[in-house]
Amino acid sequence: MKVQIISPSKCIEPNLIDDAKKFLESKEMEVVVSNFAKNSDNYFSGTFEQRKNDFQEAIDSDADVIWTSRGGYGLIQYIDQLNFDSFQSSPKLLVGFSDVTVAHLRLNQLGFKSIHGTVPLNFKNVTAESLQSIFNVFNGKGNTYIINPSEYNILGRTEAEVIGGNLAIIYSMLGTSYLPDFKSKLLFIEDIGEALYAIDRMMNALRLNGVLDQISGLIVGGFTSVGDSIPKYGECLEEIISKYLKHREIPVCFNFPAGHQEDNRAIVLGANAEFVVKENEVVFKQI
């Protein structure tokens, strides 16, 4: 299996890519590092053109996997200039999360699968299960996650195509022509560093855009480093999110092991999943 590492957004310490390359090679993978993956241009890994060209070259390459080195910010600057036509004849899996949600949404719109999963920036800090869940996908094995219940869960069952990623990125894509269809999809969301009122704002934007009336279920992953306001907002994260779904009678779960956290399990976006929320457990299964 051939892996190409790119840095489509924020710059990264070069040694983290070197370490990731060695690790993946120890798994008997051929690893290619894109031209500007280890570079920096102020905040970014390269200039606009350098980052765009690196991504396009990876799309058109003979790699099986495009593994983004990290998130940050920057992919939305040129997502409209990337051509994924070669995926038709040479399909490959994009791996990443956070800012990479921009590309996940675009690929879903075009009918391609991708992996919401950990990246070289976090290889040394994530759980072994996080990395293994990605290798399971590479090897054609499904992942099944059994999750402890939350008092805020909404019981139910659905089997649907999974879509989503970082909530702030989904919010930023609303109203653009690069947002996929949410109808009957199983939506996954996660985020980091947002204030409670900002999360409510983003949930309302999804509501007003009709997204929450279209989905068949909601998976809430890690929401880390959430802040409050002064005076306090008055609702916790779970209350903010669940109140917009109670009228739907669709399954909703909290504390899914994916996001900006050590336990960041792989989710195959664009693929179906069986999702069952029971009183005593939550089961998420992808074949």
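The values are calculated or read from the model by the stated rules, or taken from the named source; none is laboratory data. In this text the structure is predicted, and so the values were computed from the model without any measurement. So basically every Cβ, Gly included, is an ideal-geometry build from the backbone, and we count neighbours across all protein chains shown.
Would you mind stating whether Asn35 is assigned by TED's automatic domain parsing to the domain that holds Val126 and at positive phi?
Criteria not met by Asn35.
Out of curiosity, is Ile66 assigned to a strand (DSSP E or B), touching a helix residue (DSSP H, G or I) at 6+ places or on another chain (Cβ under 7 Å) and under 24 Å from Asn108 (Cβ atoms)?
yes
Checking each residue in the stretch 31-48 for being outside any loop (DSSP other than H, G, I, E, B) and more than 24 Å from the chain's Cα centre (by Cα) picks out only Asp41.
Can you find even one residue in the stretch 224-242 that is hydroxyl-bearing (Ser, Thr, Tyr), within 16 Å of Gly156 (Cα to Cα) and either assigned by TED's automatic domain parsing to the domain that holds Ser150 or free of Cβ contacts under 8 Å to residues at least 40 places away in the same chain (or both)? Yes, because at least one residue in the stretch 224-242 is hydroxyl-bearing (Ser, Thr, Tyr), within 16 Å of Gly156 (Cα to Cα) and either assigned by TED's automatic domain parsing to the domain that holds Ser150 or free of Cβ contacts under 8 Å to residues at least 40 places away in the same chain (or both). Scanning the stretch 144-198 for residues that are over 17 Å from Asn255 (Cβ atoms), over 17 Å from the mean Cα position of the chain (by Cα) and of a type in the set (Val, Ile, Thr) returns Thr158, Thr176. Phe36 - would you say it is surrounded by 17 or more Cβ atoms within 10 Å (Cβ to Cβ) and not small (Gly, Ala, Ser)? Judged against the criteria, Phe36 is a match. May I ask you to verify whether Tyr73 is outside the structural domain of Asp191 (by TED's automatic domain parsing), in contact with a helix residue (DSSP H, G or I) (Cβ under 6 Å, 6 or more places away or on another chain) and at pLDDT 95 or above? It is true that Tyr73 is outside the structural domain of Asp191 (by TED's automatic domain parsing), in contact with a helix residue (DSSP H, G or I) (Cβ under 6 Å, 6 or more places away or on another chain) and at pLDDT 95 or above. Evaluate the following for Lys285: is it touching a residue at least 12 places away in the same chain (Cβ under 8 Å) and either surrounded by fewer than 20 Cβ atoms within 10 Å (Cβ to Cβ) or assigned to a helix (DSSP H, G or I) (or both)? Here the answer is yes, as Lys285 does meet what is asked.
Taking the stretch 241-254 on its own, how many of its residues are buried (at least 16 other Cβ atoms within 10 Å of the Cβ) and over 19 Å from Glu190 (Cα atoms)?
Within the stretch 241-254, residues that are buried (at least 16 other Cβ atoms within 10 Å of the Cβ) and over 19 Å from Glu190 (Cα atoms) number 1.
Looking for something under 22 Å from Leu93 (Cβ atoms) and under 19 Å from the mean Cα position of the chain (by Cα) - is there at least one such residue anywhere in the stretch 235-246? No, the stretch 235-246 has no match at all.
Condition check ((1) surrounded by fewer than 21 Cβ atoms within 10 Å (Cβ to Cβ); (2) at pLDDT below 95; (3) in a strand (DSSP E or B); (4) aromatic (Phe, Trp, Tyr)) across all residues:
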| position | (1), (2), (3), (4) |
| --- | --- |
| Phe223 | no, no, yes, yes |
| Pro231 | yes, no, no, no |
| Gly234 | yes, no, no, no |
| Glu239 | yes, no, no, no |
| His260 | yes, no, no, no |
| Glu274 | yes, no, yes, no |
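Being touching a strand residue (DSSP E or B) at 6+ places or on another chain (Cβ under 7 Å), over 21 Å from Ile134 (Cβ atoms) and at pLDDT 95 or above is a property that does not hold for Val268. Taking the criterion of being more than 16 Å from Tyr73 (Cβ to Cβ) and in contact with an Asp or Glu (Cβ under 9 Å, 6 or more places away or on another chain), the residues of the stretch 161-175 that qualify are Ile163, Gly164. Residues being of a type in the set (A, V, I, L, M, F, W, C), in a strand (DSSP E or B) and in the same structural domain as Asn122 (by TED's automatic domain parsing) are entirely absent from the stretch 10-30.
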